[in-house]
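S.K.: Below: one structure in structure tokens.
No lab work stands behind these numbers, since they all come straight from the coordinates. Just so it is clear, the structure is predicted and the values come from calculations on it, not from any experiment. Neighbour counts are summed over all protein chains in view; Cβ atoms, including those assigned to glycine, are modelled from backbone coordinates with ideal geometry.
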Amino acid sequence: MELIDGKLISQTIKDELKERVAELKKRGHSGSLAVIQVGNDPASSIYVKNKKKACEYIGIGSVSYELSENTSEAELLNIIDELNNKPEVIGILVQLPVPKHINEDKIIRAISPAKDVDGFHVENVGALCVGERGFVSCTPAGVIQLLKRSNVEIAGKHCVVIGRSNIVGKPMALLMLRENATVTVCHSKTQNLKEICKSADILIAAVGKPRMINSEYVKEGAVVIDVGIHRDENNKMCGDVDFDDVKDHVSKITPVPGGVGPMTIAMLMNNCVEAIENR
């Protein structure tokens, strides 16, 4: 069993991006990422801090808007509109979830597709669907990099994605198709889930239930990617996969923490650098 080290791979990617940014600066190209957080959800605050740190590391600017919980939808839309029109802002990111009184979908659609570095805008999702260029959702893009940089053959393999969310499951399936895998998407209404998962060469768990995927779901020698992140009853971090039960049956597996998590921010930075290059 080989552990796929997301910390190491994400660091390599950030170092590559740092060089690209230095080259762009020599040619007079730079830009900033605008991060908007509504309310002070502790998990969101940590993510925002990590995003700022990553910007600083690779050499791009970051501006943050920390708005109060009771900011109106109209105020938020105004800020997005202003940022859409600021040439120095190359990326706009609204930290999700937003408070209940704000329509998340409306907010995502308000961001210019050219600045949607999260890859959530329908235009970018549509581009992925038909194989055109656009920003790709960061977590699934990170999973592809983990596989490629760990020398996992994707073409021709059977990949099972458990979960069909717009942020992970669906784009993940599309990206694996783009890499020429044969893809099955499973979800809460799937029958014979264990049998289907057991046929996967590459199993990607994005189910949102702590340690749900045990060895009964895994084919001997499969590659297992765990997208989940939870805290268990002892406040210990864990994923959707029961790591201890599965590890002796797989060829490669991502740990939680230190697997997919660090890749999400690395790919966000990648999208930011692409935004500067595209401009």
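S.K.: Consider just the alpha-carbon atoms of the chain and return their Rg together with their Dmax, both in angstrom.
M.R.: That works out to 18.9, 56 Å for Rg and Dmax.
S.K.: Further question: Between the alpha-carbon centers of region 166-215 and region 241-263, tell me the distance in whole angstrom.
M.R.: Taking the Cα centre of region 241-263 as reference, the centre of region 166-215 is 15 Å away.
S.K.: Write down the radius of gyration of region 138-261 and its Dmax, each obtained from C-alpha positions, in Å.
M.R.: Considering region 138-261 through its Cα atoms, Rg and Dmax are 13.0, 41 Å.
S.K.: Given Cβ point charges of +1 (Lys, Arg) and -1 (Asp, Glu) and nothing else, what value in debye, to the nearest 20, does the dipole of region 210-279 about its Cα centre take? Please list the in-between numbers first.
M.R.: Working: 7 positive and 12 negative charges, 53 e Å.
My answer is approximately 260 debye.
S.K.: Right, another one. Filter the cross-link list Lys26/Lys49; Lys49/Lys189; Lys106/Lys157 down to pairs whose alpha-carbon distance in this structure exceeds 30 Å. Don't skip to the end; give the middle numbers.
M.R.: Values: Lys26/Lys49 28 Å; Lys49/Lys189 37 Å; Lys106/Lys157 37 Å.
Pairs exceeding 30 Å: Lys49/Lys189; Lys106/Lys157.
S.K.: For the charge dipole of region 138-261, defined by +1 on Lys and Arg C-beta atoms and -1 on Asp and Glu C-beta atoms about the Cα centroid, which residue among Ile229, Ala173, His187 has the Cα displaced farthest towards the positive pole?
M.R.: Ala173
S.K.: As I understand it, the dipole of the chain uses +1 on the Cβ of Lys and Arg and -1 on the Cβ of Asp and Glu, about the Cα centre. Which of His158, Ile13, Ala206 lies farthest toward its positive end?
M.R.: Ile13
S.K.: What angle, in degrees between 0 and 90 and rounded to the nearest 10, separates the Cα long axis of helix 42-58 from the longest principal axis of the Cα atoms of the chain?
M.R.: With both axes taken from Cα atoms, the answer is about 70 degrees.
S.K.: With every atom except the alpha carbons ignored, what do you get for Rg and Dmax of region 28-112, in angstroms?
M.R.: Final numbers for Rg and Dmax: 12.8, 42 Å.
S.K.: Can you give the angle from 0 to 90° between the axis of helix 138-149 and the longest principal axis of the chain, with both taken from C-alpha atoms, to the nearest 10?
M.R.: 50
S.K.: Could you give the nm distance between label points at Ser64 and Lys236, where each point is 7 Å from its Cα heading toward the beta carbon?
M.R.: 3.1
S.K.: Express in nm, to one decimal, how much length is gained between Ser30 and Glu195 on full extension, taking 0.36 nm for each residue of separation and deducting their alpha carbon distance.
M.R.: Residue separation times 0.36 nm, minus the Cα-Cα distance, leaves 54.4 nm.
S.K.: Charges at C-beta only: +1 for Lys and Arg, -1 for Asp and Glu. How large is the resulting dipole of the chain about its Cα centre, in Debye rounded to 20?
M.R.: In debye, rounded to 20, the chain gives about 380.
S.K.: Continuing with this model, one more query. What angle do you read, to the nearest 10 degrees and between 0 and 90, between the alpha-carbon axis of helix 73-84 and the longest principal axis of the chain?
M.R.: Tilt of helix 73-84: around 80 degrees.
S.K.: Also, quick follow-up: Go ahead and set up a Gaussian network model of the chain, Cα springs under 10 Å, then flag whichever of Leu268, Leu96, Leu17 fluctuates most.
M.R.: In this elastic network of the chain, the residue with the biggest mean-square fluctuation among Leu268, Leu96, Leu17 is Leu96.
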